[in-house]
Structures are given as structure tokens and as C-alpha cells.
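Sharing a structure below in C-alpha cells format, with a few things to ask.
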Amino acid sequence: MKTPIIETERMILRPLTLDDANDIFERWTSDDRVSKYVRWCTHTSVNDTIGWLEFETGNILSDKMYQWGFTIKDTGYLFGSGGINYNEEEGVFELGYNIMHKYWNQGYTTEAAKAILDFAVNELNQKEFVSWHAVDNPASGAVMRKCGFIYEKNEIHTKFDGVTSYDTKKHRLVVR
């Protein structure tokens, strides 16, 4: 299924495009405050962001990956991204998200996550999800709890660079 456009109270979640690369790079992928809590490393050039976007847009028709750009409904301002990817090891979809620092702690991530999960439950008939957050980022854990996720255990994750590791908390959501 093609990644659909989702509307929430304050946002439009839409598929990302290569045209978004400069905005994404300038607003959050080049920001160490954002990247320190996720698997990807800080992008050092817009080419890093383009490479990531090529992967994401190349999977827009996949039934295993759904990624959205988070935009302000009234202005179209792109300030974050997130989605669900099928985690082969877990056998369920994994929820992930990140937004530019300026928009932290304003409820946007929770609003987007709930909309993404609603799509997955109602359109994809999914009933179980996993998600992780860095131990040093309890606000992300709060987003998960507000969406109904339950803490499962602590784990260590390694960033995509294969070198940097960090402590995480694993959460699971089972929809009944």
C-alpha cells in the first residue's frame, strides 16, 4: 500500500520527497541534539540526508515501510518525520520518530505517533508494535506510554555507524 497522507488536529503527515532534503538537513538531521537519541548519526552534509531520502522514497510502495514527514497543517512547515517499519526479528512493526528541537515537548510527536498507529491498526490490521527510546531521552518514553506502549526491558543499541552504542528501553503495544 502506498504511504497515505494523514491529517491530525494540527498536522498533515505526508510522504517525504527528495525535494525535502535541504529542509530536513537544516532542521533536524544535522542537529546533534536530535541525533544523539536515535540510531542514525548526525548528517554532516545534505548528501547524507539525500541518501536517507533515496532509501525512504524508494520504499514508498512497500508493505513493510511507511514513513511520513510531519508538517504544520496551517503552514506546511516540515519539522519532523516518523513511521513504522516491519522489524523482521520481532515479527511486528516498529514505531520510530524524530522532530526538530524547536518542536520538542509540545505534543506533536504524540499526536503523530497516535495517527500512525491508528493507520497501522485500522488500515493494515496490525495488533502489535515495538519501539525503543534512549534511556537518556525519557520524553520519548512518555510519547510511547501516551500511545499505550508498555515497558518491556532495557537493551543496548548500536548506531548505524557500527561503533556508537547507547542504552535503550524497549516498549511493546498490544492492541486488543
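The values are calculated or read from the model by the stated rules, or taken from the named source; none is laboratory data. Since this is a predicted model, take the numbers as computed values, not measurements. Glycine also receives a Cβ, built like all others from the backbone with ideal geometry; neighbour counts cover every protein chain displayed.
Just to check your reading of the model, which residue among 123, 89 is among the charged types (D, E, K, R) and either in a helix (DSSP H, G or I) or surrounded by 16 or more Cβ atoms within 10 Å (Cβ to Cβ) (or both)?
Just one listed residue meets the conditions, 123.
What number goes with the only condition from (1) without any contact (Cβ under 8 Å) to a residue 60 or more places away in the chain; (2) more than 28 Å from residue 141 (Cβ to Cβ) that residue 63 does not pass?
The one condition residue 63 does not meet is (1).
Go over the candidates 52, 68 one by one and state the one that is outside any loop (DSSP other than H, G, I, E, B), closer than 13 Å to residue 20 by Cβ and free of Cβ contacts under 8 Å to residues at least 24 places away in the same chain.
52
If we scan the range 77-94, do we find a residue that is of a type in the set (Phe, Trp, Tyr) and over 15 Å from the mean Cα position of the chain (by Cα)?
So far as the range 77-94 goes, yes, one or more of its residues are of a type in the set (Phe, Trp, Tyr) and over 15 Å from the mean Cα position of the chain (by Cα).
Note down all Cβ pairs under 6 Å where the first residue falls in the range 12-35 and is closer than 18 Å to residue 101 by Cβ and in contact (Cβ under 8 Å) with a residue 12 or more places away in the chain, the second is in a helix (DSSP H, G or I) and among the polar types (S, T, N, Q), and they're at least six residues apart or on different chains.
So the pair list comes out as 24/49; 25/49; 29/49.
Moving to a separate point now. Yes or no: residue 74 among the acidic types (Asp, Glu), assigned to a loop (DSSP other than H, G, I, E, B) and farther than 23 Å from residue 141 by Cβ?
In short, yes.
Take the range 92-120 and flag every residue that is assigned to a helix (DSSP H, G or I) and closer than 12 Å to residue 147 by Cβ.
109, 110, 111, 112, 113, 114, 115, 116, 117, 118, 120
Considering only the range 1-29, state which residues are in a strand (DSSP E or B) and within 16 Å of the chain's Cα centre (by Cα).
Answer for the range 1-29, where residues must be in a strand (DSSP E or B) and within 16 Å of the chain's Cα centre (by Cα): 6, 11, 12, 13, 14.
Follow-up. Name the residues in the range 143-157 that are touching a strand residue (DSSP E or B) at 6+ places or on another chain (Cβ under 7 Å) and without any contact (Cβ under 8 Å) to a residue 60 or more places away in the chain, would you?
144, 147, 148, 149, 150, 151, 152, 153, 154, 155, 156
Let me ask something else. If you check residue 34 against the conditions, is it farther than 22 Å from residue 160 by Cβ, of a type in the set (Val, Ile, Thr) and part of a helix (DSSP H, G or I)?
no
Name the residue, out of 50, 72, that is surrounded by 16 or more Cβ atoms within 10 Å (Cβ to Cβ) and modelled with pLDDT of 95 or more.
After ruling out the rest, the residue left standing is 50.
Follow-up question, since we're still on this one. Which ones in the range 140-176 are surrounded by 12 or more Cβ atoms within 10 Å (Cβ to Cβ), modelled with pLDDT under 95 and outside any loop (DSSP other than H, G, I, E, B)?
Across the range 140-176, the qualifying residues are 157, 166.
Among the numbered criteria (1) closer than 22 Å to residue 134 by Cβ; (2) touching a helix residue (DSSP H, G or I) at 6+ places or on another chain (Cβ under 6 Å); (3) modelled with pLDDT of 95 or more, which single criterion is violated by residue 42?
In the conditions (1) closer than 22 Å to residue 134 by Cβ; (2) touching a helix residue (DSSP H, G or I) at 6+ places or on another chain (Cβ under 6 Å); (3) modelled with pLDDT of 95 or more, residue 42 misses (3) alone.
Among the residues of the range 5-60, count how many are aromatic (Phe, Trp, Tyr) and out of contact with any Phe, Trp or Tyr (no Cβ under 9 Å at 6 or more places or on another chain).
Number satisfying all stated conditions: 2.
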